[in-house]
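The values are calculated or read from the model by the stated rules, or taken from the named source; none is laboratory data. Treat the numbers as computed from the prediction; the structure is a model and nothing was measured. FYI the Cβ positions are ideal-geometry reconstructions off the backbone, even for glycines, and counts take in every protein chain you see.
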Amino acid sequence: MPILLRALILEDVDADAELIVLELQRHQFEVDWQRVDTEADFAAQLRPGLDVVLADYTLPQFDALGALHLLRERGLDIPFILVTGTVGDEKAVECIKQGATDYILKDRMARLGPAVLQALSQRRLRLESAEALAELRRTDETLQTVIQASPLAIVVIDRACHVVVWNDTAEKLFGWKNDDVVGRMLPIIPLEQRAAFYREVAGEFEGEQRSGQEVQRLHQNGTLVDVTLWTSPLRNNQGEIVSILSMFADATGRKQLEQQFLQAQKLESIGRLAGGVAHDFNNLLTVISGFSEMMLGTLPENTLAGRGIREIRKAAERAALLTRQLLAFSRKEIAAPVDLDPNALIRDMDKMLRRLIGEDIDLICVLDPGLAPVRADPGQFEQILMNLTINARDAMPQGGQITIQTRNISAAEIAKLGRQPTAAAYVLLAIADTGVGMSAEIRSHIFEPFFTTKEPGKGTGLGLPTVYGIVTQNQGFLEVDSTPGQGTTFRIYWPAIAAIQPLGKSDPNLRRAALGSETVLLAEDEDGVRQLAAMVLKANGYTVLEARNGSDALEIVRQHPQTIHMLVTDVVMPRMNGQQLAEQSAAIRPEMRVIFITGYTDDSTVRQQLTKAGVTLVQKPFSPSDLVRKVREVLDQPR
């Protein structure tokens, strides 16, 4: 079958060109040819689609060397064969050096066909080799791209433990640059692990593999990095293991999550314990403080008994403060915002804060005497003070000074801070220390849950997030100023209120106003608390129906023949909690008013329900006067 051959013939004699074509046809070529004899024509006809250039050495105005130069200049891979009458060996060698494929003398034309076949075959091999090389290069580039883009650190070592491959992720994970490690001993093995590492490498060169192994490797800065390791042997064409591929995943984040999870579990356990202790304590304190108050009303103030009972009551009040702090820590306290004076609360906590910070730290309180009140949950406000004071203490391991400051802030001053005021006025609570301070990087993370700069076991990373949550939930905001070596100041801006509504405890008319004749159903599982509440209510004229638990109380609701005006129920009771009792009782006696007595509940759903508008709460420990006042207040509310 004829072979198509596209040929450009550089020849000034027509007969010689035709002779060349005949010889090619004799060798089964179907020749598509063009004869040229000038440089301009040669340049015009020279194109990539040609299969061969056949050129006489010397033409009147052009020669083979010029044609070769033009062919090379254009970068064309076209076989170039001299077909000439006479040419010396020196000129022939020069043409070969310049890129000619072969040369044929016109009196030996029989060689032309085989020479062209050989030239075409050589060009095909060159093209195939070039394509294979290009493909290999593309494959290598793709492989390198994959290696460098891999989210895993990829490291390849040889039998001498010298690094062969070290990708960008390895550089980021371990700190060493590629040029610092390739061709050198693997630097990431801690000194105490090297003997074991060399034994493992020896096993890997015997075919062993590791999958998902948790190990530690050395960072350039000297710290240890937690990583997950996979290894696999790499073999040559003969199946011999020549190197070991290692892939590392940074396990630091997962380790931190595990530690945070364990820390959260510990905190939950501690919170449950704290909440349980606070619950029992609240019941005891209710009984202690309640009966103390009742006894004080029967004893002269200047008697030994009167003074002793008064001290018992004060101790119960201090214990109640501790209980609120336990509940705030466990986050099981039901938020009950009240109108309060921040200065008074700070003074009440003064002794406790001084015990917390130690003797080597001075506590200075600069309190604005004309400070406006705020509406806040006392336990949450105390938690803010405690958390920020403890943080300040920890920032001064060598001692120092903590300053707690309060003052009034106008809405205009808030606007100057770049904030949009949502209240007419604010109260500033500032807590400043002279400690180590913080960098901008650390400041950007301090309100993130579980973030801490303290040593393991000395910080939960929940103190500042809790402060942030409390403040923002109460429509306030925080600002932090800190400079390394120059201390830290936390500023909390809390919406102010016009005035605290007076309770009027000293008003003698309140005693008479608290009296009543209604029937009250009292549901409380703690005997002492129930007996106290029943005694107080009866002493103020009420008829009291007592129940030890929710089920007994519900039965009374169903069976009692007369009107029950009010249900006073503990929230946490066996068999049926206070909320369930109130809901089922409402279906039977919808006109009955309800007051919840609460100090602690482990049920978040119940806590959410009890914080809804219209729900009346009496926090344990409560005083007798608080209870009867609240009962009268709710009974007198219009329907």
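Name, by its number, the condition in (1) assigned by TED's automatic domain parsing to the domain that holds Thr38; (2) under 60 Å from the mean Cα position of the chain (by Cα); (3) modelled with pLDDT under 85 that does not hold for Asp77. Tallying (1) assigned by TED's automatic domain parsing to the domain that holds Thr38; (2) under 60 Å from the mean Cα position of the chain (by Cα); (3) modelled with pLDDT under 85, Asp77 fails exactly one: (3).
Listed by first and then second residue, the pairs linking a residue in region 81-104 that is assigned by TED's automatic domain parsing to the domain that holds Tyr57 to a residue that is of a type in the set (S, T, N, Q), with Cβ atoms under 8 Å apart and 6 or more places separating them unless they lie on different chains, are Ile81/Thr101; Thr84/Thr58; Thr101/Gln122; Asp102/Gln118; Tyr103/Thr84; Ile104/Thr84.
Just so you know, in region 56-92 the residues that are in contact with a Phe, Trp or Tyr (Cβ under 6 Å, 6 or more places away or on another chain) and part of a strand (DSSP E or B) include one that is surrounded by the most Cβ atoms within 10 Å (Cβ to Cβ), and it is Leu82.
Only one of Leu8, Leu50 is outside any loop (DSSP other than H, G, I, E, B) and surrounded by 12 or more Cβ atoms within 10 Å (Cβ to Cβ); which?
On the way: Leu50 fails: outside any loop (DSSP other than H, G, I, E, B).
Only one candidate qualifies: Leu8.
Tell me, please, whether a residue that is polar (S, T, N, Q), within 30 Å of Leu218 (Cβ to Cβ) and in the same structural domain as Ile244 (by TED's automatic domain parsing) can be found in region 160-171. Lay out the reasoning, then the answer.
First, pick out the residues of region 160-171 that are polar (S, T, N, Q): 167, 169.
Going one step further and asking which of them are within 30 Å of Leu218 (Cβ to Cβ), we end up with 167, 169.
This time we only want the ones that are in the same structural domain as Ile244 (by TED's automatic domain parsing), so: 167, 169.
Yes: one or more hits.
For beta carbons closer than 7 Å, sequence separation of 6+ or different chains, a first residue in region 292-307 that is touching a residue at least 40 places away in the same chain (Cβ under 8 Å) and under 21 Å from Val536 (Cβ atoms) and a second that is charged (D, E, K, R) and surrounded by 10 or more Cβ atoms within 10 Å (Cβ to Cβ), the qualifying pairs are Glu293/Arg313. Put simply, of Asp339, Asp350, Asp360 the only residue that is of a type outside the set (Gly, Ala, Ser), under 23 Å from Thr466 (Cα atoms) and loosely packed, with under 15 Cβ neighbours inside 10 Å is Asp350.
Condition (residue is basic (Lys, Arg), loosely packed, with under 14 Cβ neighbours inside 10 Å and assigned by TED's automatic domain parsing to the domain that holds Pro60) applied to region 109-122: is it met by at least one residue? The answer is no; no qualifying residue exists. Set side by side, the residues Ile189, Ile244 differ, and just one is part of a loop (DSSP other than H, G, I, E, B) and either hydrophobic (A, V, I, L, M, F, W, C) or at pLDDT below 90 (or both), which is Ile189.
Checked against (1) more than 32 Å from the chain's Cα centre (by Cα); (2) under 19 Å from Val225 (Cα atoms); (3) surrounded by fewer than 16 Cβ atoms within 10 Å (Cβ to Cβ), Val182 meets all criteria but (2). Residues in region 586-606 that are farther than 18 Å from Ala533 by Cβ and of a type in the set (Ser, Thr, Tyr) were compared, and the one that is modelled with the highest pLDDT is Thr601. Filtering region 11-47 to residues that are surrounded by fewer than 15 Cβ atoms within 10 Å (Cβ to Cβ), part of a loop (DSSP other than H, G, I, E, B) and either at pLDDT below 90 or not hydroxyl-bearing (Ser, Thr, Tyr) (or both) leaves Val13, Gln28, Arg47.
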